[in-house]
Amino acid sequence: MAKKALALVKRYGQAATLTRAGPGAYDVATAKVVASTATYPVQVLVQADSSQDREGDSFADGGTARADRRKLLVAAGGLPVVPAPGDTVGPLEGRTWRVLRADPPTQLGGTPILFTLRVSA
């Protein structure tokens, strides 16, 4: 089942890059902290955010989801890190998206197969 789920995300999803900022390192020559980042290729399905997101915004009045928010389904297969708030994913829809929240992964037999991320542009 996990292989089939990954195959479906690859077939219908898009390629993107998950980027995580690191703590950086002090450069003696310039006397500045040089930022470091790690990048990971990911397969992503993009969905409009639902009528109520996890940050507490409610659209019970019949409004639509915010244009600058999305829900991303990210294939877990081969991803060596767990996405976390502060990471970025992109380019998707011509933008880079900042992770606001990472829901617990969808698992099969204790193995993560899909991460659900709430993101904002």
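The values are calculated or read from the model by the stated rules, or taken from the named source; none is laboratory data. No experiment lies behind these values; they were computed from the predicted model shown. Cβ: placed from backbone, ideal geometry, glycine included. Neighbour counts: every protein chain shown. Accessible surface is based on the protein model in full, side chains and every heavy atom, while ligands, DNA and RNA are left aside. Shrake-Rupley method; radii C 1.70, N 1.55, O 1.52, S 1.80 Å.
Within segment 38-49, residues that are closer than 14 Å to residue 19 by Cα reach partners that are charged (D, E, K, R) and assigned to a strand (DSSP E or B) with beta carbons closer than 9 Å, at six or more positions or on different chains, in the pairs 38/20; 39/20; 40/20.
When segment 1-36 is filtered for residues that are assigned to a strand (DSSP E or B) and of a type in the set (Lys, Arg), the ones remaining, listed by number, are 20, 32. The lone criterion from (1) modelled with pLDDT of 95 or more; (2) loosely packed, with under 13 Cβ neighbours inside 10 Å left unmet by residue 93 is number (1). Anything in segment 75-98 that is in a loop (DSSP other than H, G, I, E, B), hydrophobic (A, V, I, L, M, F, W, C) and closer than 20 Å to residue 7 by Cβ? List them, or say none. Scanning segment 75-98 gives 76, 79. Only a single criterion out of (1) open to solvent by 50 Å² or more (accessible area, probe 1.4 Å); (2) more than 17 Å from residue 82 (Cα to Cα); (3) of a type outside the set (Val, Ile, Thr); (4) modelled with pLDDT of 90 or more is not satisfied by residue 69, namely (1). For segment 21-53, the tally of residues that are modelled with pLDDT under 90 and either surrounded by 13 or more Cβ atoms within 10 Å (Cβ to Cβ) or in contact with a helix residue (DSSP H, G or I) (Cβ under 6 Å, 6 or more places away or on another chain) (or both) stands at 3. For segment 3-20, which positions are of a type in the set (Gly, Ala, Ser), touching a strand residue (DSSP E or B) at 6+ places or on another chain (Cβ under 7 Å) and open to solvent by 40 Å² or more (accessible area, probe 1.4 Å)? Correct list: 15 only.
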